[in-house]
Each structure stands twice: as C-alpha cells, then as structure tokens.
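Colleague: Can you read through this structure? Questions will come right after.
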Amino acid sequence: MLFTSPEGGGAMPLVLDLAKYILCSNKTEDGNYCNDCNSCNSVDRLTHPDLFLTFPVFNKDSKKKYTCNDFIIPYREFINNNPYAPATAWIQSLTSENKQGNISAEECKSISSKMMLKSILGGAKILIVWYAEYLGKDGNRLLKLIEEPPKNTFILFVAENTNKILGTILSRTQHYKLLPISNQEIENKLIAQNIDAEKANELAKQSEGNVYKALQLANQKDQNYFNHLRNWLNALYTNNGVLLSSWLKESNAMGKEELKSFFHYAEHIFEQSLRVMNLPEDYWSITQVETRLIKGLISKGLQATNCENASSKCAQAAYHLERNVYKKVMLHAISFEVQEALLSK
Ligand SMILES: [Zn+2]
C-alpha cells in the first residue's frame, strides 16, 4: 500500500498508526489497538522487532556502504519527535553539509533478505518505506518482495509525490491519497501542545496544511520570545538604560498580537519559576535554556512573591494591549512595574 500526503501531511503518522493496529496483540472489541500491550508500546518507540524501517540516508564516508541500520537510533528519535517532517529535514538533522539522501542498493538488498525471515514474535511483519521517492532504479530489487510478499507481511510506502516514484513500484501498489490537513485540525494540534489559541490560529493559517511547518514556526517564535525576555530581564536587573531603551524600541516595532503573545510567554516563565522553586522537575514544562535562565534568576535572589507579582503584571500588560492602550507608554510603565515586582524584597 502507498500512502501519499503533501509535505507536512499525515501519511507517516497514519502509517505508524496502522502498523500499531496490525501488530497489537490485544485489540479492543471495537476494533482498535489497545495502546497498552508490549507491541503497542514498542511500535510507539519504533523498536518493535517485526517493524522494519527504510528511509533515505547518505554515505558518511567512503569506508563502507551505509544502510538504514547505521542510522536507526537517530531516525527513531527524529520520527518520534517529528512524525510530520519531510525527508529533507531528516537529512539536515544529520549534517550541515548539503547532502543528497537516497535509499541505496545495499539497503534494498538488506531489507529484502530481512523480510524473507520469519517474524520474531510470530505475528505480522511490517516494512515501512518512508519517502519512496528516494528509491532510485535500485528499488527494482524490491519488486519481487512487493509482488509476492511472504505470508502476513505488509509493505507500507509513504510518499509526497507519486511522479517521482519508480513506475514499476507505483504500478504494484494500492494508492491512498490523503487530503491536506485542515487549518482547524492544525490549530487544535497546536493548542494541545500548550500554544495559546490566538497564536495557534495565526500559525495554522501561515502553515497551509503543513503540520511540520506549523510546529517549526511555533518553536521559532518561542525562541524569539525567549531572547526578547532574556534581554528585558537583563536590562531590568542591571538597571541598564541603554539596554532597556533598545528593548523598548524592539518591542514597539512588534505588532499588537505578537506583543500580547510575548507577555503571555513572560507570564508562563514566571509561573514556571514558581514550579522550579517548589516542585520536582517532572512538573516543569520548560526547555533547557529556560531552565538555565530561571535558575540564574533564583541565584540572584528571585522569590515566590516576586514571580507572582511579575506574572500578574505581564498578564495585565496583555490585557491592556487588548484594550488599545498607547503601546509606547504601556511598555515603559510595564518595564518599571516588572522591575519593581522582581527586585522588591
Ligand atoms: Zn496493543
């Protein structure tokens, strides 16, 4: 079976779900996977012994012919974090050089012989070929396997563009073309990842059905907000007028919605600071750089009341922006209020 979706679409997540369903050893009465058995768990981690993954790789050097086996550990991590990612992002995650990936003759040989072996757990065997476009003419080595797969063996191809798939393979598959993912679905997905509703709506529109792009944009914005917050705190803590005036200038150039998101972000960081002070690490939802920033503030004497006050000031700032305040004045005022909230003993 061949599943296609546009870049950032749902083909790979769907295929992984299908693999989980096929391999589940304890299917529910209403015909779904149980999400609890060893098989389900190991498909989630992409470590199921009867689940084979083929994907584009490149030769790191000329010493040997590389196959997917050489890349399986980073690939599992990559797909677990980015099931919607395009193949180019996977290759870029491995190297900064401009490498072209492919699914090599070596890989086709290795996968054909592996698929001929008996299943390890005694059930079905599944081969997922991620980005079938990367199968060059060496892909013809797979034809026999595709035509006459061993009993209880499923071969699932994932692709974006059928024009780039070998005709010999295309004609031997059953093709399922997925619809693009709607803005509403992307928005819900972003909200489920703790991105605030307005921002999620804006990002969903910008990403045009590409979930990977939407998530990348969300991370990028967070990175920008983080830098902006760090600069602000730096100016406030050191009482540095030059730094503060450049922060004010940058903030003034930001749109209203963006500034609102920034203050919500700052609010989130101050709330998380309280967690860092009072709760074990499992309860924090912050990145490593955010953790470093917060720990730095705590070492400078930040206390719970400071966090509570600064957080409520930032919430107020977001609220005032909604009411069409004069941005420039508000930014000055909030800077001094937050400075006071943070530094008071
Ligand atoms: Zn299960």
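Colleague: Determine the pairs where a residue that is in the same structural domain as Ser110 (by TED's automatic domain parsing) and farther than 16 Å from Cys108 by Cβ, located within the stretch 50-68, has a partner that is of a type in the set (Val, Ile, Thr) and surrounded by 16 or more Cβ atoms within 10 Å (Cβ to Cβ) with Cβ atoms under 7 Å apart, the partner being 6 or more residues away or on another chain.
Modeller: Close Cβ pairs (under 7 Å, with a partner that is of a type in the set (Val, Ile, Thr) and surrounded by 16 or more Cβ atoms within 10 Å (Cβ to Cβ)) amount to Asp50/Ile126; Leu51/Val43; Leu51/Ile126.
A quick yes/no check of all residues on (1) closer than 22 Å to Thr238 by Cα; (2) surrounded by 14 or more Cβ atoms within 10 Å (Cβ to Cβ):
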| site | (1), (2) |
| --- | --- |
| Glu267 | yes, yes |
| Gln272 | no, yes |
| Tyr283 | no, no |
| Thr305 | yes, no |
| Lys328 | yes, no |
| Gln339 | yes, yes |
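Colleague: While we're here: Name the single residue, out of those in the stretch 179-206 being surrounded by 14 or more Cβ atoms within 10 Å (Cβ to Cβ) and part of a loop (DSSP other than H, G, I, E, B), that is modelled with the lowest pLDDT.
Modeller: If we take residues in the stretch 179-206 being surrounded by 14 or more Cβ atoms within 10 Å (Cβ to Cβ) and part of a loop (DSSP other than H, G, I, E, B), then Asp196 is modelled with the lowest pLDDT.
Colleague: Could you list all residues from the stretch 136-158 that are assigned to a strand (DSSP E or B) and hydrophobic (A, V, I, L, M, F, W, C)?
Modeller: The first filter runs over the stretch 136-158 and keeps only residues assigned to a strand (DSSP E or B), leaving 153-158.
Residues satisfying the conditions are Phe154, Ile155, Leu156, Phe157, Val158.
Colleague: Being free of Cβ contacts under 8 Å to residues at least 60 places away in the same chain and more than 22 Å from Tyr21 (Cβ to Cβ): is that true of Leu135 here?
Modeller: It is true that Leu135 is free of Cβ contacts under 8 Å to residues at least 60 places away in the same chain and more than 22 Å from Tyr21 (Cβ to Cβ).
The values are calculated or read from the model by the stated rules, or taken from the named source; none is laboratory data. Quick caveat: nothing in here was measured; it's all calculated off a predicted structure. All Cβ positions, glycine included, derive from the backbone under ideal geometry; neighbour counts span all protein chains shown.
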